[in-house]
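Working notes, beginning with the structure itself.
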Amino acid sequence: MMDSLRTAANSLVLKIIFGLIILSFILTGVSSYLIGGGANYAAKVNGQEISRGQFENAFAGERNRMQQQLGDQFSELAANEGYMKTLRQQTLNRLIDEALLDQYAKDLGLGISDEQVKKAIISTPAFQSNGTFDNARYNSIVKQMGMTADQYAQALRNQLTTQQLINAVVGTDFMLKGETDELAALVAQQRVVREATIDVNALAAKQQASDAEISAYYEQNKNAFVAPEQFRVSYIKLDAAALQETVSDADIQSYYDQHQDQFTQPQRNRYSVIQTKTEAEAKTVLDELNKGADFAAVAKAKSTDIISAKNGGDMGWLEEATTPDELKGAGLKEKGQLSGVIKSSVGYLVARLDDVQAAKTKPLAEVRDDIAAKVKQEKALDAFYALQQKVSDAASNDNESLAGAEQAAGVKAVETGWFGHDNLPEELNFKPVSDAIFNGGLVGENGTPGSNSDIITVDGDRAFVLRVSEHKAEAVKPLAEVKDQVVAQVKHNKAEQQAKLDAEKILVELKAGKDDALKAAGLSFGEAKTLSRTGQDPVSQAAFGLSLPAKDKPSFGSTTDMQGNVVLLALDEVKAGTLPEAQKKAMVQGITQNNAQIAFEAMMSNLRKEAKIKLGDASTQQQ
């Protein structure tokens, strides 16, 4: 078995495809095993070094992952030094945790077989086309990454071993059947209650609010009556898409002539190889081929490159950039030509040039429409940038208004209505624009207009010049303006207090057996309702907090409903419910997963506590 793995690790194909596996590991969090270090290190974990190269590679992978996930938003985060420092620290912590898990797995004697490693290579989705392993794809991508097969094999083995440990921990938690049934019965329990509601709004209508109460409430709650900062803005918008430019035949021909590389498919060669351990074995193979033996049959029988051998030695189509140096130097020029014995870093090779596709340039007629669109866009952008400069100069020279900028742009400025930080007009809803408006630099004294803005570019093809035409600073509204609100709130608060006091008095009498207490207060319990524990409303939550009723004697309590009314509750009966098997299974699964997560975090905490972790200089460097 070990011989098979060593053979796979010394494969020319694996040399070519290893880079894609590395990329996959970067994105899935196992890059810490892959790249050797430089002069300093990021950390040492129980003596195991996390090199600077490992750390920077993992950090770059995390940046790429977040950039793909967040798009344009990431550029804003990347400009924040504190955020990037935190991201670097999180990346280093992840690498340290991976090293600890790897070490712990080795201590436990966990391991992955050679066959599992081989199977993982063949089944990697990145190496497949239409669901089938594609040797040419595998070959091409990894060659560009420049990694070695030994690194790949070890990295993959470490990843699978660590995952084995994680799965073992996650799979340890369970619940006994008795515990499950008891918890299910508790979750499915139902409670039968009756309700009597004290209408707070009706009570509020009967309340009085004195001037002293109104004034006191206003003074104590001024923050509730703040008028937010408000703006009115005049702006000019420039849009490259609106600048229509004509494209001539000469323009198209010139672009085609100057960008031939964009329309040319470079020469591609198709090779087959047979790999051997020794030079003598390679010479024997070459003799057989020269005597007419079938190349594919010999490759399948004798090549030590287990992946290309499966395909009869076929390496697929390769361009210059993806062709291994050993094949470039083999001197193969004609279709069907055999090489001599080639010494390689993975042993010895015999290669054959199977086919050649000459470089091919697409005719102008085939790409004309694409070129016309490209040239039209470029000319529009050139005109757009020239117009930006012209409008910018005009806005700077006449800083008291947008009149000069309007003349330069050939359009009239648009004026918005009043808006605040939370309701920026849609046409201005771009971060660079909102930053310019809200940072205070365009506001004059006492709400007067300030200066014109500089040109503000958005997404590369739109730009704004704007001016704050009016401004109102944040301010507390005067009492006269909000008096009706204050009066209503004072009355409501007094009504709420009264309702709670009335409810407490009624509850005391109900618990003492005085059943006419509700009638005396002008209230009555409604029809009985059956509530479940899953109810999220305040009444359901309160019902399951009441003590169990005695025989033929309800228990009582009170709560506040969703409308703010005070509700008296009579709990008449507790009923056992049933939980469907599917829900019971889902409940148990959720609990065990949560417990397993707690156990895993506890294990990691203990590993970190007992570990000797030393941070190096590379971990603190910024980029």
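The values are calculated or read from the model by the stated rules, or taken from the named source; none is laboratory data. All values derive from a computational prediction rather than experimental measurement. Note that each Cβ is placed from the backbone with ideal geometry, even for glycine, and that neighbours are counted across all protein chains shown. Ligands, DNA and RNA are excluded from the accessible area calculation, which covers all protein heavy atoms including side chains. Shrake-Rupley method; radii C 1.70, N 1.55, O 1.52, S 1.80 Å.
Within the range 506-561, being open to solvent by less than 40 Å² (accessible area, probe 1.4 Å) and among the aromatic types (Phe, Trp, Tyr) holds for Phe544, Phe556.
In the condition set (1) of a type outside the set (Phe, Trp, Tyr); (2) modelled with pLDDT of 90 or more; (3) within 30 Å of Asn397 (Cβ to Cβ), Asp484 is compliant with all but (3). Being within 30 Å of Gln258 (Cα to Cα) and surrounded by 13 or more Cβ atoms within 10 Å (Cβ to Cβ) is true of Leu318. Evaluating Leu27 against the criteria (1) surrounded by fewer than 22 Cβ atoms within 10 Å (Cβ to Cβ); (2) at pLDDT 50 or above; (3) part of a helix (DSSP H, G or I); (4) not hydroxyl-bearing (Ser, Thr, Tyr) leaves one unmet condition, (2). In the range 63-83, the residues that are without any contact (Cβ under 8 Å) to a residue 12 or more places away in the chain form Cβ pairs under 7 Å with partners that are of a type in the set (S, T, N, Q) and open to solvent by 80 Å² or more (accessible area, probe 1.4 Å), at six or more places apart or across chains, as follows: Phe74/Gln67. So, in the range 461-504, of the ones that are assigned to a loop (DSSP other than H, G, I, E, B) and in contact (Cβ under 8 Å) with a residue 40 or more places away in the chain, which residue ends up nearest to the chain's Cα centre (by Cα)? So the residue we want is Asp461. Gln253 satisfies every condition listed in (1) in a helix (DSSP H, G or I); (2) open to solvent by less than 50 Å² (accessible area, probe 1.4 Å) except (2). Among the residues that make up the range 201-218, is at least one of them touching a strand residue (DSSP E or B) at 6+ places or on another chain (Cβ under 8 Å), part of a helix (DSSP H, G or I) and at pLDDT 90 or above? For the range 201-218, residues touching a strand residue (DSSP E or B) at 6+ places or on another chain (Cβ under 8 Å), part of a helix (DSSP H, G or I) and at pLDDT 90 or above: absent.
Would you mind finding the one in Gly450, Gly440, Gly417, Gly410 that is open to solvent by less than 60 Å² (accessible area, probe 1.4 Å) and over 38 Å from the mean Cα position of the chain (by Cα)? It would help to see each step written out before you state the result.
Numbers: Gly440 fails: over 38 Å from the mean Cα position of the chain (by Cα); Gly417 fails: over 38 Å from the mean Cα position of the chain (by Cα); Gly410 fails: open to solvent by less than 60 Å² (accessible area, probe 1.4 Å).
Unique residue meeting the criteria: Gly450.
For the range 105-118, the set of residues classified as in contact with a Ser or Thr (Cβ under 9 Å, 6 or more places away or on another chain) and either within 20 Å of Glu610 (Cα to Cα) or open to solvent by 50 Å² or more (accessible area, probe 1.4 Å) (or both) consists of Ala105, Lys106, Leu110, Glu115, Lys118, listed by residue number. The residue list Gly526, Gly522 contains one member that is out of contact with any helix residue (DSSP H, G or I) (no Cβ under 6 Å at 6 or more places or on another chain) and closer than 15 Å to Arg194 by Cα, which is Gly526. The set of residues in the range 297-315 being modelled with pLDDT of 90 or more and open to solvent by 60 Å² or more (accessible area, probe 1.4 Å) consists of Lys300, Ala301, Lys302.
Checked against the criterion of being open to solvent by 10 Å² or more (accessible area, probe 1.4 Å) and under 42 Å from the mean Cα position of the chain (by Cα), the range 334-349 has at least one qualifying residue. Considering the range 575-589, the residues that are loosely packed, with under 15 Cβ neighbours inside 10 Å and of a type in the set (A, V, I, L, M, F, W, C) include one that is modelled with the lowest pLDDT, namely Ala586. Taking the criterion of being more than 26 Å from Gln357 (Cα to Cα), of a type in the set (Gly, Ala, Ser) and surrounded by 13 or more Cβ atoms within 10 Å (Cβ to Cβ), the only residue of the range 265-296 that qualifies is Ala282. For the range 80-98, taking the residues that are of a type in the set (S, T, N, Q) and part of a helix (DSSP H, G or I), the one that is least open to solvent (accessible area, probe 1.4 Å) is identified as Thr91. Scanning the range 520-566 for residues that are in a helix (DSSP H, G or I) and within 44 Å of the chain's Cα centre (by Cα) turns up Pro538, Val539, Ser540, Gln541, Ala542, Ala543.
Look at the range 402-436 and say how many of its residues are among the polar types (S, T, N, Q) and not in a helix (DSSP H, G or I). Number of matching residues: 3. Please name all residue pairs, on different chains or six or more residues apart, with Cβ atoms under 8 Å, provided the first residue is in the range 519-532 and is more than 18 Å from Gly545 (Cβ to Cβ) and the second residue is of a type in the set (Asp, Glu). Close Cβ pairs satisfying both conditions: Ala521/Asp502; Phe525/Glu195; Gly526/Glu195; Ala528/Asp572. Looking only at the range 295-312, decide whether some residue is part of a loop (DSSP other than H, G, I, E, B) and of a type in the set (D, E, K, R). Yes, the range 295-312 has at least one match.
Candidates in the range 40-58 are the residues that are open to solvent by less than 20 Å² (accessible area, probe 1.4 Å) and modelled with pLDDT of 85 or more; of these, the one that is nearest to the chain's Cα centre (by Cα) is Phe55. Scanning the range 367-401 for residues that are surrounded by fewer than 16 Cβ atoms within 10 Å (Cβ to Cβ) and either outside any helix (DSSP H, G or I) or of a type in the set (Val, Ile, Thr) (or both) yields a total of 3.
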